[in-house]
Amino acid sequence: MEEQDLKITKLSFIQRPIPIPADYRPMYKIALIVLILRICCRAETSSLLKLHLFSWALTSDDNLTKLREYVTSNFQSDFSVWGIEPALNRALQFSIAENICEVANGKNYKLTEKGNRFYEMIDADNELFSKEKTFLKFIGKSKITDKRLTAMSNQWTINYDEN
């Protein structure tokens, strides 16, 4: 091979469509945020940690089952750490920018009037997010309170320190 064969004179790229899993699409996550805030949060307001818990639960059937079993066992079964997703954080930023939710008291997220209208559109379609809506309605506003969430996250410290 000669030296001039190794020289690149032109480099070009062709953009090809790449499928992006729904979990990473901002609009999908924004819709989940709206569902969570409306169905599972008192005054349609939630901490970031609670949003991450529900978002994590909705990412797989296994996670849904784990959280459902934890709730139905009256919070007595084993429950470990749940995931924190950067995609949810990004979707929260977009939803704030689009006035779908807002930051309340400097740390919680609250559904706005526009977010409520978005929820009504999602809820009107019985096929859209049917599994997610069924699960979130099962949990409701009273099963996982902020006090319960704090106790759950305190278990992380206990388990982490013991191991």
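Looking at ASN116, is it closer than 15 Å to LEU37 by Cβ and within 15 Å of the chain's Cα centre (by Cα)?
Taking the combined requirement at face value, the residue does not satisfy it.
Of these, THR65, THR72, THR45, which one is under 23 Å from ALA151 (Cβ atoms), among the polar types (S, T, N, Q) and either at pLDDT 90 or above or under 14 Å from the mean Cα position of the chain (by Cα) (or both)?
Among THR65, THR72, THR45, only THR45 is under 23 Å from ALA151 (Cβ atoms), among the polar types (S, T, N, Q) and either at pLDDT 90 or above or under 14 Å from the mean Cα position of the chain (by Cα) (or both).
Taking interchain pairs and intrachain pairs at least six residues apart, which have beta carbon atoms under 8 angstrom, with the first residue in segment 81-93 and touching a residue at least 12 places away in the same chain (Cβ under 8 Å) and crowded, with 20+ Cβ neighbours inside 10 Å and the second of a type in the set (D, E, K, R) and in a helix (DSSP H, G or I)?
The qualifying pairs are LEU88/LYS29; ALA91/LYS29.
Output yes when any residue across segment 97-111 is of a type in the set (Lys, Arg), more than 23 Å from ASN154 (Cα to Cα) and surrounded by 18 or more Cβ atoms within 10 Å (Cβ to Cβ), and no when none is.
The answer is no; no qualifying residue exists.
Being over 20 Å from ASP146 (Cβ atoms) and either modelled with pLDDT under 90 or surrounded by 17 or more Cβ atoms within 10 Å (Cβ to Cβ) (or both) is the requirement here; does LYS29 meet it?
Against the criterion (over 20 Å from ASP146 (Cβ atoms) and either modelled with pLDDT under 90 or surrounded by 17 or more Cβ atoms within 10 Å (Cβ to Cβ) (or both)), LYS29 qualifies.
What are the residues in segment 102-138 that are hydrophobic (A, V, I, L, M, F, W, C), in contact with a Lys or Arg (Cβ under 7 Å, 6 or more places away or on another chain) and either part of a loop (DSSP other than H, G, I, E, B) or modelled with pLDDT of 95 or more (or both), if any?
LEU111
Which residues, taken from segment 34-60, are of a type in the set (Val, Ile, Thr), assigned to a helix (DSSP H, G or I) and touching a Gly at 6+ places or on another chain (Cβ under 8 Å)?
Result: VAL34, ILE39.
The values are calculated or read from the model by the stated rules, or taken from the named source; none is laboratory data. Model, not experiment: these values are computed from the prediction. Cβ: placed from backbone, ideal geometry, glycine included. Neighbour counts: every protein chain shown.
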